[in-house]
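A.B. asks: Provided herewith is a single structure, encoded as structure tokens, for subsequent inquiry.
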Amino acid sequence: MTTSMPDDTVQIDPLFSIAGRAIVVTGAASGLGAAMARALAARGARLTLVDIAAGPLGQLAAELGAHAHRADITDEASVDQLMAEARARHGVVDAVVNSAGLLHIAPAHALSLDAFKASMDVNVTGAFLLSRSAARVMSGRGGRIVHFASVSSQVANRNYAAYATSKAALAHMVRVLAREWAPDGITVNAIGPAMTETGMTGGYLSDAEFRAQALSVIPLGRFGSPDDLIAPLLLLLGPGGSFITGQTLYVDGGRTLV
């Protein structure tokens, strides 16, 4: 896989440039969020990194020269404070990248109500609170909101009742918010990866049977990598994505074709 850090000798196409943009990245302490934060920092974004895990978040922020902000995206006051402080620090909030998420895989008959509610709380309610607060601070000048959804919003995997339901709700919420906020110049989109090897999926993928089954339904024959998601994210954040809104862009090796 190619590295997420750009070659300094190569000029970034202005269609994908996010240099100087003030971007809030949630779920940034680890996994996909940390990978996206590194990619955006390498391309000159001014970052506010957000997570509920303060220790790893602070380490990454120090590494990238970014600001760390501990917040719970399921808490309305916490999210509003986050957006207010990000705007006060940078003068604007140009974009929000929401990679915070919860993956719970279990047979439906054994799925606890608490696990189902937690999935909806983080993956749907948290996404809504972030979107709404971002739209309020972006109103009058426009901006970009990008959520990480999943192929699970389209495909019906067994044992995914909590996760798939929450991601399907997120994908449709993106459509509704995009239509509502288009007059304000705010685009709302999602990226839908297939199974991607990160810390969140590592426990499941360590099971040989689970891994083989998950791989068997990806036509390109491999799992996703965070590096696969950098270019789509840059498109949705940069000038080249200015006329894209309400979409879930599936980056899935053909998973949604099966």
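The values are calculated or read from the model by the stated rules, or taken from the named source; none is laboratory data. All values reported here derive from a predicted model rather than from experimental measurement. Note: ideal-geometry Cβ built from the backbone for every residue, glycine included; neighbour counts use all protein chains shown.
A.B. asks: From Ala178, Ala168, Ala190, Ala182, which residue is in contact with a Leu (Cβ under 7 Å, 6 or more places away or on another chain) and among the small types (Gly, Ala, Ser)?
C.D. replies: Ala190
A.B. asks: Okay, next question. Out of curiosity, is Arg132 surrounded by fewer than 21 Cβ atoms within 10 Å (Cβ to Cβ), within 16 Å of Val176 (Cβ to Cβ), at pLDDT 95 or above and not aliphatic (A, V, I, L, M)?
C.D. replies: yes
A.B. asks: Any idea which residue in the range 186-223 is nearest to Ile244 (Cα to Cα), counting only those that are of a type in the set (Gly, Ala, Ser) and surrounded by 15 or more Cβ atoms within 10 Å (Cβ to Cβ)?
C.D. replies: Filtering first and then ranking leaves Ala190.
A.B. asks: Which members of the range 163-176 meet the condition of being among the small types (Gly, Ala, Ser) and surrounded by 24 or more Cβ atoms within 10 Å (Cβ to Cβ)?
C.D. replies: Ser166
A.B. asks: Please give the helices (runs of 4 or more DSSP H) falling wholly within the range 155-245 in which 1 or more residues are at pLDDT below 95.
C.D. replies: 199-205, 208-216
A.B. asks: Please find, among Pro219, Pro183, the residue that is of a type outside the set (Asp, Glu), more than 19 Å from the chain's Cα centre (by Cα) and within 14 Å of Gly143 (Cα to Cα).
C.D. replies: Pro183
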